[in-house]
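Engineer: Pasting a structure below so you can have a look.
The values are calculated or read from the model by the stated rules, or taken from the named source; none is laboratory data. Predicted model only: the values in this text are computed from it and were never measured. Here Cβ is always computed from backbone atoms with ideal geometry, including for glycine, and neighbour counts include all displayed protein chains. Surface accessibility is based on the protein's heavy atoms, side chains included, excluding ligands, DNA and RNA. Shrake-Rupley method; radii C 1.70, N 1.55, O 1.52, S 1.80 Å.
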Amino acid sequence: MAAVPPAAVTDALRTAVHRARAAAADLRWSEPERWHVTLAFLGPVPDERRADLDTRLARVARRHGPIAVETVGGGHFGDRVLWTAVRPGSAAVSGGAVSGGALAGLATGVRRAAARAGAAAGADDRPLRAHLTLARVPDRSRRALGLLVELLRADVEPLPWTVDRLVLMSSVDGAPGTPPMYREQASWPLTGTGR
């Protein structure tokens, strides 16, 4: 389950990460069309669970209204993943990805819906750390990411956007050494009507 930034944000972010990309061409940089905030990782969803999952996700989307966020700065997970934060709109920078607020509430609703639909067997239960993955360090490599984080913090100024829909994505493995392909399976507008 994901939130996908609009094209205007991905275009601006592509420009903003130019210096970091040039400084670390050896990293596996994610293509902008793959950028998304993972609200919940479900793993494989059995076909017989899909209709119930869709019904429950539609209900979650009706309970949550559009969420103002902004993409800003940068950070890293260990020595493997470089990212830019997605935080509540106009919030103070906390030095990391957002862990609370309306986006976290949406993620919690999605996880509950998946569990109730019996579609959470492979789910990841770690707390939400909203971010867009920009790059990964190649397997078996070690890389200090501090300099790249500093470049991102200097170059990625707040890019506001609105999470206005919930997206069910599937991941399909590509050829060895290539990133997986993401496909949008379904989406539901965040209407906030509470039905």
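Engineer: Taking the Cα centre of the chain as origin and charging only Cβ (+1 Lys, Arg; -1 Asp, Glu), how large is the dipole, in debye to the nearest 20?
Structural biologist: Details: 26 positive and 19 negative charges, 90 e Å.
With Lys and Arg at +1 and Asp and Glu at -1, about 440 debye.
Engineer: Quick check: from the Cα gyration tensor, does the range 1-77 come out rounded (a/c under 1.5), prolate or oblate?
Structural biologist: Numbers: a/c = 3.13, a/b = 1.87, b/c = 1.67.
It is prolate, given that a/c is not under 1.5 and a/b is the larger ratio.
Engineer: Here's something else I'd like to know. Sticking with the crude label model, points 7 Å out along Cα→Cβ, report the distance from residue 47 to residue 184 in nm, one decimal please.
Structural biologist: 2.5 nm
Engineer: For a protection proxy built on the mean count of beta-carbon atoms within 10 angstrom, sort 55-61, 108-114 highest first, please. Write out the running numbers ahead of the final one.
Structural biologist: Details: 55-61: 18.6, 108-114: 21.1.
By packing density, highest mean first, the sequence is 108-114, 55-61.
Engineer: Right, here's the next one. Can you compute the modelled spin-label distance between residue 8 and residue 115, with each label point 7 Å from Cα toward Cβ, in nm?
Structural biologist: Rounded to a tenth, the inter-label distance reads 3.8 nm.
Engineer: How large is the accessible surface per residue of the range 1-83, computed with a 1.4 Å probe and reported in Å² as a whole number?
Structural biologist: Numbers: 3900 Å² over 83 residues.
For the range 1-83, the per-residue accessible area is 47 Å².
Engineer: Please give the net charge around residue 49, taking every other residue with its beta carbon less than 11 angstrom from that of residue 49, where Lys and Arg add +1 and Asp and Glu add -1. Please list the in-between numbers first.
Structural biologist: Working: positive: 50, 56, 116; negative: 47, 48, 52, 54.
Computed value for this residue: -1.
Engineer: Of the accessible area of the chain, with the probe set at 1.4 angstrom, what percent is carbon plus sulfur?
Structural biologist: Roughly 51 percent, rounded to a whole number.
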